[in-house]
Each structure stands twice: as C-alpha cells, then as structure tokens.
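J.: Right, I'll just put the structure down here and ask away after.
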Amino acid sequence: MNKQLVCGDIGGTKTILHAAEINNGMVRELFTHRYDNHKFATFSEILQDFLNRTRNTNRLLSACFAVAGPVVAQQAQLTNLPWQISSSDISAEFSIPSVKLINDFEAAALGIESLSPSDMATLQTGKSLAQSMRVVLGAGTGMGVAWLTWLKDRYSPIPTEAGHMDFAPTSALQIELLEMLLNKFDHVSVERLLSGSGLTNIFKFLQMSSTTVSNLAPIDLEEDCGATITTLAFTHQHPIAIKSINLFAEIYGAYAGNLALTGLTRGGVFIAGGIAPKILSILKLGGFMQAFHDKGRFSQLMHEFPVYIITNPEVGLLGARQEAHRLLNG
C-alpha cells in the first residue's frame, strides 16, 4: 500500500503545507497549499483545512513541521505568533502515527541537499571543503540560524537561536543606530536589525538621522514594513529606502561573517529567508561581502568561505519533507 506524508513550513507570517505519496521508495507530490497565519487562531485549524482538501488521509503515516521558534521536548512556542504546537497533540488529534517538529532553520539546513545550482546565487566561490561545517542563516519575519555538521555519512543540523545574540555595530553610523534602538528595546538583538521589522527600524532611524539630507516628507511606517521599503527603493528609487537597504546589507554581511568565522564554515555560508532574494541586486553590489570580509587579521581567511544566496523559497519545506520521509523509514 502507498504511504502518505505531510510536511509544512510554519513561519511568522505564512504556513505552507505539502502532501506527498511514497511508492516503492519514490516520492510523488500530491498537494501543496499556502495559508496566511493571521486568518487562523491555531495551527490545528490550518492542518484540519489542509487534510480536508487532501484525499486518502487514512494512509497518512508521518508528518514533519518546521516551526519558526525553538522546539523543546517536541513542543514549540512560535516566536512571532501566539501559537503553541505539540507533536503529541497533533498525532492524537489527527491520528498520525509519527509526528515531528523541527526548527524552521533546521529544516532549511536539511533542505540544502535537495537544492539544484539554479536554486542558489553565488556571492563568493571560496574554497569549499567536503564534509566541513556549514551555516544557514536568513532574515524574514525574524532571523534564523542553524549549523550543519558532518556526522557518519551525512550532514546533521544543529538548530540555534543565534538571531537573538547582541547586535554589534561596526561603524559610527551603526553605533548611532544602536543608541536609538536602546531607547526603544531593553535588548538590541541582531533580529532587531535583520528582519522585516529590522529594515523598518533602519529606515525610521535614517529618516531622523542628521547624516541624512533629504527634502522628502517623512513616511510614517508600521512596525514591520520591510516589503514597503523594498518597493520604495526598487520601484520608486526613494533615496532613504535605498540607503536603508544598503545599510541592512552591510549589517547582514558583517553578521554572516561572524557566523562563518565562529564555525569555520568551509562547507559554505547559505543565506536563506524571504528578504535576501528580493534584494539580491543590492547584496551583489559589494557592501555585503565587504562587511563579510572585514575581520581584521582574519580578513584573508574570509575569502575562503563559499557564500550563497538561496533563491528557492521552499528550502524549509524540502527539509521538512526529507525528515518526514525519514520518519516513514523508521
């Protein structure tokens, strides 16, 4: 009998669910659907709707869900949503024998092996070494990070909450930015800069900064208007929006370089998340890589790490499907 699995990528803004069928070891895609999270009170409501749309759920044997937040004892509290999810509760409610929750960037890390060259843009070829440490990071609703280390015969992911480490400014302008944010937040993490709301924080700071010369009327933005700022920059050539994205890219590059140096990631630095593909042209200009390289006595070493932008938005879903498939195989 054919076996079915369900996998999902549960982010701070959207959820993508996917059903597949396994027959003689071959995976056949059945159905994929995207949901806007704000329209649902719980994840169970989304999963129930999805299963109602999917046929033959009596053959559903495994499920894996990538969650935007820490997973502890197979329970998750989403960082940017008031949802609590438990694998045992899902298993009981929907009669799925094997259910697993993983961190969303753990899933993205797993999904790298399923990517083709066309799913990535290369910022630096570097000198890749087989079976060496990798890191996956990405700005979206929040900032996610996971390591990949070689164990036995494959890469194994190590989830982290490194997006919540302290923001480290690298210029006088960034020090001013930090000082502004310290008046707003008790703790200024990397995520306060490298996320949709982070880009908004940068834009608001530059509008108020004495270093910004502009005759434009100030724009009043909500807390998370990253998409609006990218539209202002690329469609309307708004000078402060352009400057905001360039500063965002510099901070992004410096942070990615810190992680590369921390893990000696000769297996590659992989930039995921929803923002990077949308500002790819800015990331290629040089500010990102210049900040990545700028590590003092170790600047030369930084040229040896491969750096890629993941352009496939479903990398997390691919990783969750891979894990759901592994559950089927015991």
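J.: Which pairs turn up if I take residues in the stretch 241-252 that are more than 12 Å from residue 285 (Cβ to Cβ) and look for partners that are part of a helix (DSSP H, G or I) and open to solvent by 10 Å² or more (accessible area, probe 1.4 Å) with beta carbon separation below 6 Å, at least 6 apart in sequence or on another chain?
T.: From the stretch 241-252, the pairs are 241/232.
J.: When residues of the stretch 316-327 are filtered for being open to solvent by less than 50 Å² (accessible area, probe 1.4 Å) and either assigned to a strand (DSSP E or B) or in contact with a strand residue (DSSP E or B) (Cβ under 6 Å, 6 or more places away or on another chain) (or both), how many remain?
T.: Qualifying residue count for the region: 6.
J.: Starting from residues that are in contact (Cβ under 8 Å) with a residue 12 or more places away in the chain and among the small types (Gly, Ala, Ser), keep the ones in the stretch 18-41 and report whichever is nearest to residue 141 (Cα to Cα).
T.: Residue satisfying both the conditions and the ranking: 19.
J.: Output the number of residues of the stretch 151-195 satisfying the condition of being assigned to a helix (DSSP H, G or I), more than 21 Å from residue 104 (Cβ to Cβ) and either at pLDDT below 95 or not hydrophobic (A, V, I, L, M, F, W, C) (or both).
T.: 3
J.: I need every pair where a residue in the stretch 64-81 that is farther than 15 Å from residue 273 by Cα and free of Cβ contacts under 8 Å to residues at least 40 places away in the same chain has its Cβ under 7 Å from the Cβ of a residue that is hydroxyl-bearing (Ser, Thr, Tyr) and part of a strand (DSSP E or B), sequence separation at least 6 or different chains.
T.: That search, which allows pairs on different chains as well, returns 74/86; 75/86.
J.: Name, by its number, the condition in (1) of a type outside the set (A, V, I, L, M, F, W, C); (2) under 25 Å from residue 157 (Cα atoms); (3) at pLDDT below 95 that does not hold for residue 262.
T.: (3) is the only condition that residue 262 fails.
J.: Which condition breaks for residue 241 when tested against (1) in a helix (DSSP H, G or I); (2) in contact with a strand residue (DSSP E or B) (Cβ under 6 Å, 6 or more places away or on another chain)?
T.: Tallying (1) in a helix (DSSP H, G or I); (2) in contact with a strand residue (DSSP E or B) (Cβ under 6 Å, 6 or more places away or on another chain), residue 241 fails exactly one: (2).
J.: Which of the following residues is farther than 23 Å from residue 112 by Cβ, open to solvent by 50 Å² or more (accessible area, probe 1.4 Å) and in contact with a Phe, Trp or Tyr (Cβ under 9 Å, 6 or more places away or on another chain): 250, 223?
T.: Selected residue: 250, the only one of 250, 223 that is farther than 23 Å from residue 112 by Cβ, open to solvent by 50 Å² or more (accessible area, probe 1.4 Å) and in contact with a Phe, Trp or Tyr (Cβ under 9 Å, 6 or more places away or on another chain).
J.: Out of 44, 95, which single residue is within 29 Å of residue 143 (Cα to Cα) and surrounded by fewer than 23 Cβ atoms within 10 Å (Cβ to Cβ)?
T.: 44
J.: Further question on the same structure: Return the pair list, or none, for Cβ contacts closer than 8 Å from residues in the stretch 215-232 that are charged (D, E, K, R) to residues that are modelled with pLDDT of 90 or more, at least 6 apart or on different chains.
T.: Between residues of the stretch 215-232 that are charged (D, E, K, R) and residues that are modelled with pLDDT of 90 or more, the close pairs are 222/200; 223/197; 223/200; 224/195; 224/196; 224/197; 224/200.
J.: Sticking with this structure for a sec: Looking at (1) under 19 Å from the mean Cα position of the chain (by Cα); (2) over 30 Å from residue 191 (Cα atoms), can you tell me which one residue 70 breaks?
T.: Among (1) under 19 Å from the mean Cα position of the chain (by Cα); (2) over 30 Å from residue 191 (Cα atoms), the lone unmet condition for residue 70 is (2).
J.: Got a sec? Which of 129, 148 is among the aliphatic types (A, V, I, L, M), outside any helix (DSSP H, G or I) and open to solvent by less than 10 Å² (accessible area, probe 1.4 Å)?
T.: The conditions single out 148.
J.: Please state which of the following conditions residue 330 fails to meet, knowing it meets all the rest: (1) open to solvent by 60 Å² or more (accessible area, probe 1.4 Å); (2) assigned to a helix (DSSP H, G or I); (3) of a type in the set (Gly, Ala, Ser).
T.: All conditions are met except number (2).
The values are calculated or read from the model by the stated rules, or taken from the named source; none is laboratory data. Note that the coordinates shown come from a computational prediction; the quantities given were computed from them, not determined experimentally. Here the Cβ is made from the backbone with ideal geometry for all residues, glycine too, and neighbour counts use every protein chain on show. With ligands, DNA and RNA removed, areas are computed over all heavy atoms of the protein, side chains included. Shrake-Rupley method; radii C 1.70, N 1.55, O 1.52, S 1.80 Å.
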